[in-house]
Amino acid sequence: MKQIIIMLLLSIMSSQTMAEWVRVEENEDMIAYVEPSTIRKNGDTVEMRTLFDYKTIQTVNGVSYLSLVGQDEFDCKHDQRRTSYFSMHIGNMGGGKIVSTKHPHPNWKPIRPHTFDEYFWIYVCGKK
């Protein structure tokens, strides 16, 4: 009985720590995902976690990483977006050590056509 309880608790804890990412789009360099369980709607805006999973190591300002996890907000009415936070990870799919974090200035930026931002915006706002 003790083993069953321990296994059940471990199962619950591991499922809470593992994100359920859904693929949105891909190009030759990376695959973009959203985490549907993090989608929060507030009027015309939607917040969610996003993930860029790179196929090769990326290096920016001396920092090397394979994935980038962000907290993004989309304005469905005015076709714009902003990022409130992102972290760079040494491993794929947001795994491994976090090598850098940023809290960029949260200015709204227009959604440009044929970009990952547009694909995320379509996913959460349901527009084309």
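The values are calculated or read from the model by the stated rules, or taken from the named source; none is laboratory data. For clarity, every value in this text was computed on a predicted model and none was experimentally measured. With ideal geometry, Cβ positions are generated from the backbone for all residues, glycine too; neighbour counts draw on all protein chains shown.
Among the residues of region 51-72, are any farther than 21 Å from A19 by Cα, assigned to a loop (DSSP other than H, G, I, E, B) and of a type outside the set (K, R)? Looking through region 51-72, at least one residue is farther than 21 Å from A19 by Cα, assigned to a loop (DSSP other than H, G, I, E, B) and of a type outside the set (K, R).
State which residue is surrounded by the most Cβ atoms within 10 Å (Cβ to Cβ) when the search covers only region 73-90 and only residues that are in a strand (DSSP E or B) and either in contact with a Gly (Cβ under 9 Å, 6 or more places away or on another chain) or of a type in the set (K, R) (or both). Ranking the candidates gives R81 first.
Scan region 91-118 for residues that are in contact with a Leu (Cβ under 9 Å, 6 or more places away or on another chain) and surrounded by 18 or more Cβ atoms within 10 Å (Cβ to Cβ) and the total you get is 1.
Do you know which residues across region 58-72 are in contact with a strand residue (DSSP E or B) (Cβ under 7 Å, 6 or more places away or on another chain) and loosely packed, with under 13 Cβ neighbours inside 10 Å? Of everything in region 58-72, those that are in contact with a strand residue (DSSP E or B) (Cβ under 7 Å, 6 or more places away or on another chain) and loosely packed, with under 13 Cβ neighbours inside 10 Å turn out to be V63, S64.
Pick from D75, D117, D44: which is in contact with a Lys or Arg (Cβ under 9 Å, 6 or more places away or on another chain), closer than 21 Å to V22 by Cβ and among the acidic types (D, E)? Step by step, each of D75, D117, D44 is checked, and only D117 is in contact with a Lys or Arg (Cβ under 9 Å, 6 or more places away or on another chain), closer than 21 Å to V22 by Cβ and among the acidic types (D, E).
Scanning region 63-99 for residues that are of a type in the set (A, V, I, L, M, F, W, C) and under 19 Å from V24 (Cα atoms) yields L66, L68, V69, F74, C76, F86, M93. Pairs meeting the criteria (first residue in region 70-84 and closer than 17 Å to F116 by Cβ, second residue surrounded by fewer than 17 Cβ atoms within 10 Å (Cβ to Cβ) and among the β-branched types (V, I, T), beta carbons under 9 Å, at least 6 apart or on different chains) are Q71/T38. Looking at this structure, is I39 within 23 Å of E26 (Cβ to Cβ), surrounded by 12 or more Cβ atoms within 10 Å (Cβ to Cβ) and touching a helix residue (DSSP H, G or I) at 6+ places or on another chain (Cβ under 7 Å)? So I39 passes the test. Kindly establish whether K55 is surrounded by fewer than 18 Cβ atoms within 10 Å (Cβ to Cβ), basic (K, R) and more than 16 Å from D117 (Cα to Cα). Here the answer is yes, as K55 does meet what is asked. Looking only at residues of region 1-36 that are loosely packed, with under 10 Cβ neighbours inside 10 Å and modelled with pLDDT of 95 or more, we find that the one that is nearest to F120 (Cα to Cα) is N27. Every residue in region 16-50 that is aromatic (F, W, Y) and either in a strand (DSSP E or B) or more than 22 Å from R82 (Cα to Cα) (or both), please. Listed by number, the list holds a single entry, Y33.
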